[in-house]
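Here the structure comes first, spelled out in structure tokens, and everything after it is commentary.
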């Protein structure tokens, strides 16, 4: 019996030839990462409770300040200071204000075949490069940071076979919203979501990351795409050459297979307050918005910024709407500057923010007030996620957010030149 | 771990996410004791003050979905909830709860039978939850996980084991 690529990655990490779903393994971790959402707690546990002295490997433990940066209060400044001091003391890679943690990991660290554990739920993003990333809480993370190992249950795998091509104005973002809407917020609980098929083979790394990143919103342990020349080119262009290219066997066993055809897909919207409450943009009716946001680990990369810029070019946003744009990393920001996208955004009336989690995290930038409505490319639309408990968040693609910012209400981007 | 205990039920729905359990704005508060006052704030702001030690939360499917923030199970443990009985849990929350000494039990039917304010009794040895005359089966929890819950979570458990 063959193995899926996820099973192969976990077999390698646990030093076994074969693993099966349901089996509990102790795995060696290739990389671990923590951000300012919870690292202060890890440090407390590490130093005061475990009384540990060393991290397992200073090259494989990464701290990234991205959730509240620049700090908006003395409290968060203290958290950042604590991380900075720990990183210096243990001589581990440290980033502050350079981008959303998952984007930095993808640009600077991850290679196909790795097992990566991070104290953040969207660690499943790394499947876009064919690596197994999964999120844990700070206690599990502290134990990983100390020992380099973690126990994991080998999950079942769900396969998503994608064919066809995106119509103009439709993106990977719409596909993953559609899938989550279909299978539900726990439709992949404890499972691996493996995305494949002829369409995914043509996807860029950015689009693959968009799919894998939101696997957790369906409850998945991780999302994966088989690594191929596209993934190899991406990491080799960044100077990383050691990797393991695991692909699923012909006779691998999947719990279930789903089929999607991109030819039939329209722009999708997740409506408040659950990511699996998804409708097509044509069924949304009239929804007035107060703010738009383009950014986050899901949708703040160069391709999404290009899609938004195409729609905003030469136009002005609605005078009573704010549009906030945060490129996912310094590298993305520089690319957008070089391509003239930032000029387009600023001239349209958008506010361009430093790379960080921003509005998606809902505590340091662009927090919305009582009764306000946000349309966002972020990862979640939970009640109160973006600010006041009585506010609303709709999730959509960067193109849909841009089109909506122009009209002041949720708008189908296909009506604009794209 | 007490093998049998009884508690008053607070009933919550499906997909109770981590932003509802503890919203982002309160994560920078210094202590879990400060944070616990805001448990379930976006959904039921009055609830945290009403919860008494030993109370039980009964919920629908996918409890704890969303972020990996460990403050979510931590504040529920700090409110001294004796256990949660939900139809199902999100996987990150599940690990985090046991790691923080919070007992989670799974049952599909109890939710539809019980009302808020009911008293249910949990019998770990026989893996049963009793409500009046009716009993509901929960999956049994391995002894070492129960010992971890009793110790207050993974870190105190490891320290106890290592004799530190």
For chain B, built as a Gaussian network whose Cα springs stay under 10 Å, the top-fluctuating residue of B:23, B:142, B:73
B:142
For region A:5-261, what proportion of DSSP beta bridges, expressed in % and rounded to the nearest 5, is antiparallel?
15
Principal axis extents for region A:219-274, Cα atoms only, whole Å, descending order, please.
42, 32, 27
Could you give log10 I(q)/I(0) at q = 0.18, 0.19, 0.20 Å⁻¹ for region A:225-351, computed by the Debye formula over C-alpha point scatterers of equal weight, without solvent?
-1.18, -1.22, -1.25
With only helices counted (DSSP H, runs n ≥ 4, each -39500 (n - 2.57)), the per-residue ellipticity at 222 nm for chain A, to the nearest 500, works out to -8500 deg cm²/dmol
For the residue B:143, residue A:337 Cβ pair and Förster radius 41 Å, calculated FRET efficiency rounded to 0.05 is 0.10
Set the Förster radius R0 to 41 Å, insert the Cβ-Cβ distance between residue A:315 and residue B:161 as r into 1/(1 + (r/R0)^6), and round the FRET efficiency to 0.05.
0.05
Neighbouring Cβ atoms within 10 Å as the yardstick, rank A:170, A:367 fewest first.
A:367, A:170
Ignore the peptide's own chain and count Cβ atoms of other chains within 10 Å of each Cβ in B:8-20; give me the average, rounded.
3
I need to check one value: relative contact order of region B:1-42, counting alpha carbon pairs closer than 8 Å and at least 6 residues apart, in percent.
39
Would you mind putting B:36-42, A:121-127, A:251-257, A:63-69 in packing order, based on average other-beta-carbon counts within 10 Å, highest first?
A:121-127, A:63-69, B:36-42, A:251-257
Let me confirm one metric for peptide A:73-81, namely the mean number of other chain beta-carbon atoms within 10 Å of its residues' beta-carbons.
1
5 Å-binned pair-distance histogram of region A:1-121 (Cα, whole percent)
2, 10, 19, 19, 16, 13, 10, 6, 3, 1, 0, 0
When averaged across all projection directions, what area in nm² does the alpha-carbon convex hull of chain B cover?
9.2
At 1.567 mPa s and 4 °C, plugging the Kirkwood radius over alpha-carbon pairs of region A:198-241 into Stokes-Einstein gives what diffusion coefficient in µm²/s?
114
Hey, fewest Cβ within 10 Å first, where do A:56, A:203 land in order?
A:56, A:203
Return the average number of partner chain Cβ atoms within 10 angstrom of each residue Cβ along peptide B:67-76.
6
From fewest to most C-beta neighbours within 10 Å, the residues B:33, B:109, A:372, B:74 line up as B:33, B:109, A:372, B:74
Rh (Kirkwood; distinct C-alpha pairs) - region A:276-415, Å
14.5
Cα convex hull of region A:63-123 - mean projected area over all directions, nm²
4.6
dims of the protein assembly as shown, Cα set, principal axes, largest to smallest, nearest Å -> 68, 51, 49
Spacing of the two label points (7 Å from each Cα toward its C-beta) at residue A:351 and residue A:390, in nm:
2.4
Normalised by the residues of region A:5-261, what does the relative contact order come to in percent, with Cα pairs under 8 Å and at least six apart?
24
Would you mind calculating the relative contact order of region B:4-162 from Cα pairs under 8 angstrom and at least 6 residues apart, reporting the percent as a whole number?
24
Inter-site label distance for residue A:94 and residue B:113 at 7 Å from Cα along Cβ, in nm
5.6
Roughly how many nanometres apart are two label points built 7 Å out from the Cα toward the Cβ at residue A:247 and residue A:23?
2.3
Go ahead and run the numbers for FRET between residue B:121 and residue B:47, Cβ-Cβ distance against an R0 of 30 Å, rounding to 0.05.
0.85
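Quick note: the coordinates plus some simple rules give every number you see, no bench work behind them. Predicted model, so just to flag it, every value in this text is computed and none were measured. Cβ coordinates were reconstructed from backbone atoms using ideal geometry, including for glycine residues, and neighbour counts include every protein chain displayed.
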